[in-house]
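The values are calculated or read from the model by the stated rules, or taken from the named source; none is laboratory data. All of these numbers come straight from a predicted model, not from anything done at the bench. Positions of Cβ are generated from backbone atoms using ideal geometry, with glycine treated the same way; all protein chains shown enter the neighbour counts.
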Amino acid sequence: MTPDLDDRVLRLACRAVDMYGLLEHRGGAAREVARQYLRAATSVGANCAEAAAGQIKADFYRKDLDCPQGVSGGDLLVTPD
């Protein structure tokens, strides 16, 4: 991934964490939507890293496919506001 894309993906994940914090205490549908958005927004980094790796289609069918380096939870914990 390009440095610009890395930065944008990380900022998206950070904003998703912030939004989750605002909505999770409301309960009900708000909590569920916040949880789904958090999962979707934080998976963007892994999806981009997977695409950048340029693996062939057959690799996706292997059971032991390694997770590529992407935005991880640890990145979110050490990222300043």
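Pairs needed: first member in the stretch 1-12, in a helix (DSSP H, G or I) and loosely packed, with under 14 Cβ neighbours inside 10 Å; second member anywhere, hydroxyl-bearing (Ser, Thr, Tyr) and at pLDDT below 90; C-beta distance under 9 Å; at least 6 residues apart or different chains.
Correct list of pairs: Arg11/Thr79.
Applying the selection to the stretch 16-34, what residues are among the small types (Gly, Ala, Ser) and surrounded by fewer than 11 Cβ atoms within 10 Å (Cβ to Cβ)? Talk me through it step by step, then tell me what you get.
Pass one, the stretch 16-34, residues among the small types (Gly, Ala, Ser): 16, 21, 27-30, 34.
Within the stretch 16-34, Gly27, Gly28, Ala29 qualify.
Checking Gln36 against (1) among the polar types (S, T, N, Q); (2) in a loop (DSSP other than H, G, I, E, B); (3) modelled with pLDDT of 90 or more, only one condition comes out false. Which one?
(2)
Go through the stretch 35-56 and report how many residues are surrounded by 15 or more Cβ atoms within 10 Å (Cβ to Cβ) and of a type in the set (D, E, K, R).
1
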